[in-house]
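The values are calculated or read from the model by the stated rules, or taken from the named source; none is laboratory data. These numbers come from a predicted model, not from an experiment. Every residue, glycine as well, gets a Cβ built from its backbone with ideal geometry; the counts of neighbours run over all protein chains shown. Just so you know, the surface numbers come from the protein's heavy atoms only, side chains and all, with ligands and any DNA or RNA stripped out. Shrake-Rupley method; radii C 1.70, N 1.55, O 1.52, S 1.80 Å.
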Amino acid sequence: MTLVRGISGILAGGVVVLLCVVVVAAMVGARRDFPGPGAESLTWHVVAAVVVVGAQLLADRGRGLAALSGSVIVVITTGVLLWTQWWS
């Protein structure tokens, strides 16, 4: 179970880093008057970051099925974010 929580923790951290990248790109784009990520992309990243951080807290503090469920939520949310916002 520790390995699963570790992997989901790495993914959750990655989602937070992606959120920071998108926010900075939007700010730089707005300041330099070139198109950056839009409001939809920012919203997706903020929602995903909130979900994965909450789920990772559940995974880290829970036991058994609760911990596994939190890790699964992190993996699925990360996959959906990457698929819809980065790979399509």
Size of charge dipole - the stretch 1-78 - debye, nearest 20, with Cβ of Lys, Arg +1 and Asp, Glu -1, no other charges: 200
Within the chain, what whole-number % of the accessible surface is contributed by carbon and sulfur, with the 1.4 Å probe and all protein chains included in the calculation? 73
Counting only Cα, what are the radius of gyration and maximum Cα-Cα distance Dmax of the chain, in Å? 14.5, 50
Would you kindly derive the ³J(HN,Hα) couplings of the stretch 42-48 from the backbone phi angles with the Karplus curve 6.51 cos²θ - 1.76 cosθ + 1.60 (θ = phi - 60°), listing them in order in whole Hz, with x for Gly and Pro? 4, 4, 4, 5, 5, 4, 4
Dipole of the chain, positive end: most advanced residue of THR78, MET27, THR43 [Cβ charges, Cα centre]: THR78
Accessible area per residue for the chain in Å², computed with a 1.4 Å probe and the full protein assembly in place, what is it? 63
Using only the Cα atoms, what convex hull volume per residue in Å³ does the stretch 30-79 have? 71
In this structure, the FRET efficiency calculated for VAL4 and MET27 from their beta-carbon separation, with R0 = 41 Å, to the nearest 0.05, is 0.70
